[in-house]
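Below is one structure, written out as structure tokens; comments come after it.
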Amino acid sequence: MAAPALLSAPPPSQPTDEAEAAPHASPPPPLSPRRRRPTVRVTSEFDSESRLFSHRLSFRLLDGLAKLRLRLHHGGGGGGTGALPPAPEVALLARNFSVAVDTAARSALLRGVADLAGSSLRLRASHNTKEQQGEVTVTSNLGDSPCKIELSSLVPPDGLPRTTFIFPNGEFSVNQKYLDEGNRILSVNGIVRSHVLNGVCTALYSDNEMNLKYRYKDEELSFIPSISLPSNSLSFAFKRQFTPSDKLSYRYQFDTNYWSAVYKHKATKNVKWKAGYESDERLGWASLWVGDAGGKTKEVPLKAKVQFTLKVPQDNVKNSVVMFHVKKRWDLYKMPVRCNRSSSRGDAPDCHQIQAGQAYRHQIR
């Protein structure tokens, strides 16, 4: 009896030109662990001049898709004014929708935004529940050019919509404006920027007034003359960078003879002091910043900022006053959740499985 023939695999087929040109599909890379983000955030501020405490509480909801923000104030009455602190503020913020509640006026401001027809058309809308009035704005790209056109109208409508043309070097808008007599006129406003002689020239036109400003800046020097028409008000600003840590700024107004000067010294990234004088108020001052003045509170050491300010009136030195402002942030963190993906089966990432015993960790640096 003859032995059965062994079955052999067919020879591999030769790849075609199309198959050689097409790249092999690679499985998507696994998702990295989710960043640890604060679930609850508390920011407290105190200003000695107004004697006002402010507390802002932020809560992340729906796995970070929305945020609930609450702002509370107490104290106040600084300077003997006896003013009451502002009413509490409540806001719900999402990526494309927000609600801000004014508890004092018992009203809410609704805002929403949506992209239509891909990214070439953008719709923004707002509505005030107490005033029963809102605004709708539509922004559209003009073909493949970088220019855009924007139409904005009140709801219910009151006159023609405001039309704005946006282009790379500026924008200008046309809208109706009411005069004191009740008549309506067309108002044109705009701004244009252009590079001229190693600087930037800016022309701003608004309500029949024009401001021309030229800004020259290099690594050590800035010079900014400005003139307003038709009042012919002329001013200029001068800034000199002596070292990376030392800078002097000076401004002079020709029609009023007012001037001001500020000297800044940056000891470290988080320590800066300033000193200056303002001739219109006849006031000299000096301030010390502990914490990056221009940065966010979460990026500074201990997540805290302190500013001390000394004001010395020229006419009465005995009335000098020292003020301070403190801002501190606390974060309540939620433990991160790792997203797993099976590359062999292409399963969806499992990002919502929270391990038992996972808890919140209070971090105060």
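The values are calculated or read from the model by the stated rules, or taken from the named source; none is laboratory data. Predicted model only: the values in this text are computed from it and were never measured. Don't worry about glycine lacking a Cβ; one is built from the backbone with ideal geometry, like all the others, and counts go over all protein chains shown. For the accessible areas, the whole protein counts, side chains as well, though only heavy atoms, and no ligand, DNA or RNA atoms are used. Shrake-Rupley method; radii C 1.70, N 1.55, O 1.52, S 1.80 Å.
Structure notes:
- Taking a sphere under 15 Å around the Cβ of residue 199 and counting the other residues whose Cβ falls inside, with K and R at +1 and D and E at -1, yields a net charge of +2.
- Carbon + sulfur, % of accessible area of region 105-168 - ligands and nucleic acids excluded, 1.4 Å: 58
- Other residues within the sphere of radius under 15 Å centred on the Cβ of residue 122, judged by their own Cβ, net out at +1 (K and R +1, D and E -1).
- Net lengthening on full extension, residue 283/residue 135 (0.36 nm per residue, minus Cα-Cα): 48.9 nm
- Loop-resident GluC sites (Glu not before Pro) (DSSP state other than H, G, I, E or B) in region 148-236 with no more than 15 further Cβ atoms inside 10 Å of their Cβ: 181, 219, 220.
- For region 106-170, the per residue solvent-accessible surface stands at 64 Å², with DNA, RNA and ligands left out and a 1.4 Å probe.
- Our Cα-only numbers for region 104-209 put the radius of gyration and Dmax at 17.1, 54 Å.
- Per-residue ³J(HN,Hα) for region 121-135, Karplus 6.51 cos²θ - 1.76 cosθ + 1.60, θ = phi - 60°, Hz, x for Gly and Pro: 9, 10, 10, 10, 9, 9, 8, 9, 5, 7, 7, 6, 9, x, 8
- Protein accessible area in region 222-326, 1.4 Å probe - carbon and sulfur %: 60
- For region 188-302: accessible area per residue (Å², 1.4 Å): 65
- Counted charge near residue 305, where neighbours are those whose Cβ lies closer than 13 Å (Asp, Glu -1; Lys, Arg +1): +4
- Cross-link partners of residue 328 among lysines (Cα-Cα below 25 Å; sequence separation of 8 or more within a chain): 67, 264, 266, 269, 272, 274, 296, 298, 303, 305, 311
- In a simple Cβ point-charge model (Lys, Arg +1; Asp, Glu -1; nothing else charged), region 266-306 has a dipole of about 340 debye relative to its Cα centre.
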